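Contents: one structure, followed by commentary.
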Amino acid sequence: MRKRKTGFMIVPWAAVCLAVIFSAYSPGRALGQDTGEALFKANCSPCHPDGGNILNSKKTLHKKDREAHNIRTAADIVRKMRNPGPVPTHPQEWAGMKMFDKNKISDEDALKIADYILKTFN
Ligand code: HEC
């Protein structure tokens, strides 16, 4: 009978542990929403998964390609977001990059994304 009593103590402990785990997770996720990484994944990853480029394999976000096209600093990357060049013309020949103006991505967030690219894709 003694053994059984200690066994029951596990139930409230498990409840406390679960509560701690859940409360630790949810605010962490909310805070993670506007990091450069999260913003990159939400806005850029569809065309640039892992820093690549699904539409133009010569224009990836890796250092070698970027620098070959004179994109060296965070400001250069932000400029590309604001003015990516020729717009996509036809769905079947959709070769251009989508434009991100200040309403879509603020200057602050654009810089966070640029920093993430510079430090991640070398
Ligand atoms: C709809 C697909 C698409 C999305 C979404 C997209 N890009 Fe691009 N990106 C492209 C294409 C296509 C090019 C090549 C454009 C060109 O001809 O210069 C490109 C080029 C670039 C380049 C220049 C790379 C090089 O080597 O010259 C940078 C930097 C870049 N994108 C950053 C971003 C960032 C940052 C985001 C998210 C905010 C983003 N892109 C979202 C399609 C996309």
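The values are calculated or read from the model by the stated rules, or taken from the named source; none is laboratory data. Note that the coordinates shown come from a computational prediction; the quantities given were computed from them, not determined experimentally. Just the protein is used for accessible areas: all its heavy atoms, side chains included, with ligands, DNA and RNA removed. Shrake-Rupley method; radii C 1.70, N 1.55, O 1.52, S 1.80 Å.
A 1.4 Å probe over all protein chains sorts MET97, MET81, MET9 by accessible area into MET9, MET97, MET81, starting with the largest.
Think of a 1.4 Å ball rolled over the protein heavy atoms: the stretch 34-120 then has 65 Å² of accessible area per residue.
Annotation: ARG79 carries an accessible surface of approximately 150 Å², with a 1.4 Å probe and no ligand, DNA or RNA atoms counted.
The gain in end-to-end length when the LYS41 to ASP115 segment is fully stretched comes to 25.3 nm, 0.36 nm per residue minus the alpha carbon separation.
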